[in-house]
Amino acid sequence: MATATKQQGAVIKHAPKQQVVVEVDAPSRREFLYYIWGASIVLLLGEVTAGILWFALPRFKEGEFGGTFRFSGNDLPIAGSAPVNLPSGRFWMSNTNEGYVSLYAVCTHLGCLPKWVDTNDRFECPCHGSKFEEDGIYIEGPAPRGMDRFVTTLTFSDGTTASTDSDGSPIPLNGKTVVEIAVDTGNRILGPV
Ligand code: FES
């Protein structure tokens, strides 16, 4: 209610004090927290799903280094012939008397690219002279081990398959006809010491 006071003949009216009431809408605040929690859970689930997909999906496409390269059996070098280089896959296809092996084309010393030298029937590294057999076995030079190998799976005409073992040794063909060669350049086995 308004009150009045006299001051030198003037009447000053005081307006009634108004109470400012700040209403806190408790249910709305609760809802807001629910939204925050909901958004956090959705975000967390999104991150988990993205993480699962990241690990589940292949990181490299077929036919690019890091992924799998597939060839017809017709591309298999003749046993005992010079290994065949595949620069895009950074490996050599080598069909030795012991079987087939995919050799990583990078020298195990300091990373140069050994070349196949027909006249010497071996790989020779141009940088510091390391030498390797047709199946990548170390012969001489500063390289600490033989050439590394990529895990390979051969599919034969009878429907059977054979894969590189844990040592990376050549896969025996046992007189079978190879119809497909699958070289996994994302799966490297260190060459023998
Ligand atoms: Fe091949 Fe040094 S990089 S011998």
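Assorted remarks:
- Residues whose placed amide H lies under 5 Å from that of TYR100, excluding near-sequence neighbours: ILE171, LEU173
- Reachable aspartates and glutamates from LYS115, criterion Cα separation under 16 angstrom, eight or more residues apart if same chain: GLU124, GLU133, GLU134, ASP135, GLU140, ASP148
- Paramagnetic reach from SER163 in the stretch 28-66 [backbone N under 20 Å; point 7 Å along Cα→Cβ]: 55-66
- A simple rule links phi to the HN-Hα coupling: the Karplus curve 6.51 cos²θ - 1.76 cosθ + 1.60 with θ = phi - 60°, which for the stretch 113-120 gives 10, x, 10, 7, 10, 4, 5, 9 Hz, with x for Gly and Pro.
- Karplus (6.51, -1.76, 1.60) ³J(HN,Hα), θ = phi - 60°, over the stretch 180-191, in Hz, Gly and Pro reported as x: 8, 10, 10, 10, 8, 7, x, 10, 9, 10, 5, x
- Other-chain or far-sequence residues with amide H under 5 Å of GLY66's (modelled H): THR185, GLY186
Coordinate-derived values only; no laboratory data. Just so it is clear, the model here is predicted, and its values are computed rather than measured. Cβ coordinates were reconstructed from backbone atoms using ideal geometry, including for glycine residues, and neighbour counts include every protein chain displayed.
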